[in-house]
Structures are given as structure tokens and as C-alpha cells.
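J.: Structure provided below as C-alpha cells; questions to follow.
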Amino acid sequence: MANKTQSTEGAMVEYVTAMIGGQLFGLPISRVQDVFMPERVTRVPLSSREIAGVLNLRGRIVTVVDDMRARLGLPRPEDGKVPMAVGVDLRGESYGLLIDQIGEVLRLPEDGKEENPVNLDPRMAKLAGGVHRLDGQLMVVLDVDRVLELAPEMMAA
């Protein structure tokens, strides 16, 4: 459930923003546990190709989901920058989503969220739970549950 507060304009929702391949994405703040630099990721033998590995984050084992760029069909960055990770939770398990860059927290009116536009790239649309039109750009709201719907062997791990 998204973090909502009542104001004179109506319900507001807070999003942690992230850039992936030049596109602005928003994750409901209620789903974000951490933002961190993934260090010492250990590859897991025989794991799904969508899994970069696991790491220990303050005593928690976090499954690092391979680059969100790959999930969206975008090329790997050529700038050599180390990706960041957004920590999320699904059914009591911790996951890290690799992103290019973390942004700020935006507080937007709940009724400002629109359905996915018909011309939204299909790879983004399957992971999106709607969009917000901001000044000069479109923020795609990531549906964390859809993002983590990975190969069945990953969920069994």
C-alpha cells in the first residue's frame, strides 16, 4: 500500500525516483527499504540469468536482480559508472534492483496518476503501474510486484 497523506488537494502519494536509461521511474516509497551501492555481489551457481547474485546488507541477505536496463531491453551503459540499487521487499524476501541513478522523493497527487499510454514501450508497460505527467517529462510508476515476477526457478531459490 502506498504512503498516503490527506491534504486539501486530496490524497498524495510519495515516490522514490530513479533514472534508468534516461527514463524517469518512480517506486512507491512504501515499497522501498534501502538505497545502496551494491558491493561484493556473490554469483549464485545455477541461478536464473536475471539474478546478478546475492550480497549481505547489514546482516540481511539480498538477492540482486540483474540490471533493470536488461529487463527493459536497454543497452548497458557505456560510461563505466557503477550502478546503484534500490532495496525492495516481496513476500518477506529482500531484493536489490540495479538502476543507473537515484533521484529525489516526489510527492504527487494520487488522482494525477494515469493509465499506461498506448504508445508506452511494451517492455516498460509490462512493468509499469501507470504514469505521472510532470513538467516536460513522463514518470513511469514501477509496479514492484511485476518487476519481481521472474523465472519460477528464482522464486524457488
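The values are calculated or read from the model by the stated rules, or taken from the named source; none is laboratory data. Keep in mind that what you see is a predicted model, and the values were worked out from it rather than measured. Here the Cβ is made from the backbone with ideal geometry for all residues, glycine too, and neighbour counts use every protein chain on show. Only protein heavy atoms, including side chains, enter the accessible area calculation; ligands, DNA and RNA are left aside. Shrake-Rupley method; radii C 1.70, N 1.55, O 1.52, S 1.80 Å.
J.: Taking the stated definitions as given, is Ser94 open to solvent by less than 20 Å² (accessible area, probe 1.4 Å), under 20 Å from Asp145 (Cα atoms) and assigned to a strand (DSSP E or B)?
T.: yes
J.: Mind checking which pairs have a first residue in the stretch 27-50 that is closer than 14 Å to Glu104 by Cα and a second that is open to solvent by 60 Å² or more (accessible area, probe 1.4 Å) and of a type outside the set (Gly, Ala, Ser), Cβ under 7 Å, 6 or more apart or different chains?
T.: Close Cβ pairs (under 7 Å, with a partner that is open to solvent by 60 Å² or more (accessible area, probe 1.4 Å) and of a type outside the set (Gly, Ala, Ser)) amount to Ile29/Asn3; Ile29/Val105.
J.: Based on this model, can you work out whether Val131 counts as open to solvent by 50 Å² or more (accessible area, probe 1.4 Å), more than 12 Å from the chain's Cα centre (by Cα) and free of Cβ contacts under 8 Å to residues at least 40 places away in the same chain?
T.: Spelling it out, it is not the case that Val131 is open to solvent by 50 Å² or more (accessible area, probe 1.4 Å), more than 12 Å from the chain's Cα centre (by Cα) and free of Cβ contacts under 8 Å to residues at least 40 places away in the same chain.
J.: Filter the stretch 134-150 down to the residues that are under 12 Å from Arg71 (Cβ atoms), exposed (fewer than 15 other Cβ atoms within 10 Å of the Cβ) and not acidic (Asp, Glu) and list them by number.
T.: Arg146
J.: Go through the stretch 31-67 and give me each residue that's within 12 Å of the chain's Cα centre (by Cα) and either of a type outside the set (Val, Ile, Thr) or surrounded by fewer than 17 Cβ atoms within 10 Å (Cβ to Cβ) (or both).
T.: Arg31, Gln33, Asp34, Val35, Asp66, Asp67
J.: Looking at (1) in a strand (DSSP E or B); (2) under 26 Å from Asp135 (Cα atoms); (3) not hydroxyl-bearing (Ser, Thr, Tyr), which one does Val88 not meet, given that it meets all the others?
T.: That leaves (2) as the condition not met.
J.: Also, I was wondering about something else. Does Glu104 qualify as being among the acidic types (Asp, Glu), at pLDDT 85 or above and in contact with a His (Cβ under 9 Å, 6 or more places away or on another chain)?
T.: When the stated conditions are applied, Glu104 does not pass them.
J.: Would you confirm, using the coordinates I've provided, whether Ala2 is farther than 24 Å from Gly136 by Cα, modelled with pLDDT under 90 and assigned to a strand (DSSP E or B)?
T.: no
J.: A further question follows. Hey, could you check the stretch 60-119 for residues that are polar (S, T, N, Q) and out of contact with any helix residue (DSSP H, G or I) (no Cβ under 6 Å at 6 or more places or on another chain) and say which is farthest from Glu50 (Cα to Cα)?
T.: Filtering first and then ranking leaves Asn119.
J.: I would also like to ask the following. Can you tell me which residue within the stretch 109-128, out of those that are surrounded by fewer than 18 Cβ atoms within 10 Å (Cβ to Cβ) and aliphatic (A, V, I, L, M), is nearest to the chain's Cα centre (by Cα)?
T.: Ala125
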